[in-house]
1. Of the residues Leu54, Leu45, Leu9, Leu35, which single one is under 27 Å from Ser175 (Cα atoms) and assigned to a helix (DSSP H, G or I)?
2. Of the residues that sit in region 131-166 and are in contact with a Gly (Cβ under 7 Å, 6 or more places away or on another chain) and not hydrophobic (A, V, I, L, M, F, W, C), which one is farthest from Ala108 (Cα to Cα)?
3. Considering only strands (runs of 3 or more DSSP E) fully contained in region 131-175, which possess at least 2 residues that are in contact with a Pro (Cβ under 9 Å, 6 or more places away or on another chain) and at pLDDT 80 or above?
Amino acid sequence: MRRLANYFLRGLLITAPAALTVYCCWVAIRFVDQLVGSRIPGLGLLAAAAIITLVGALASTLLARTVGATVDGALARLPFVRLLYVSTKDLLNAFVGEQRRFNRPVRARFGDGDHAFHVLGFMTADSLGHLGLEGQVAVYLPFSYSVAGHVIIVPADRVAPLDADSADTMAFLISGGVIGSATER
């Protein structure tokens, strides 16, 4: 009976993540299909990808950049819209934009000697002199299984760069240290 229970749990560990992933993808595809009004599964997703790609291509032109900057400025001035728009834009730019901010994985040390411990994160600011915090740096510590996190202020001499890919480091941190590993330079 115990062997049967172990087989069940092993099977659950294999099928549950796969089934949940397939289900979430299916729900997302159906949602986009409904937004576009498509009855063919996946056509809405293809249409959305095509539209997003077209917008990206058009945004590369000088005229579109001028119009985009005007619209961007207008949205950034509207009270409630500003909060949502600027936050979403900054979050996307931090991960995939031309000005990625999570591209410098670091290890920050707290304490000294036998009582020292380390945290892994991403350096987001080399200098905080503009805040009156000379010799300090900003390190973003993402929460596991979330995109939220904390920004901590650390003395620059207690931060060491990691010799690791930033995407691998983010996966390691978001997974709670389960996926991959990050090594120090």
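The values are calculated or read from the model by the stated rules, or taken from the named source; none is laboratory data. Computed from a predicted model, the values in this text were never measured in an experiment. Here Cβ is always computed from backbone atoms with ideal geometry, including for glycine, and neighbour counts include all displayed protein chains.
1. Details: Leu54 fails: under 27 Å from Ser175 (Cα atoms); Leu45 fails: under 27 Å from Ser175 (Cα atoms); Leu35 fails: under 27 Å from Ser175 (Cα atoms).
Answer to the check: Leu9.
2. If we take residues in region 131-166 being in contact with a Gly (Cβ under 7 Å, 6 or more places away or on another chain) and not hydrophobic (A, V, I, L, M, F, W, C), then Tyr145 is farthest from Ala108 (Cα to Cα).
3. By residue number, 136-142.
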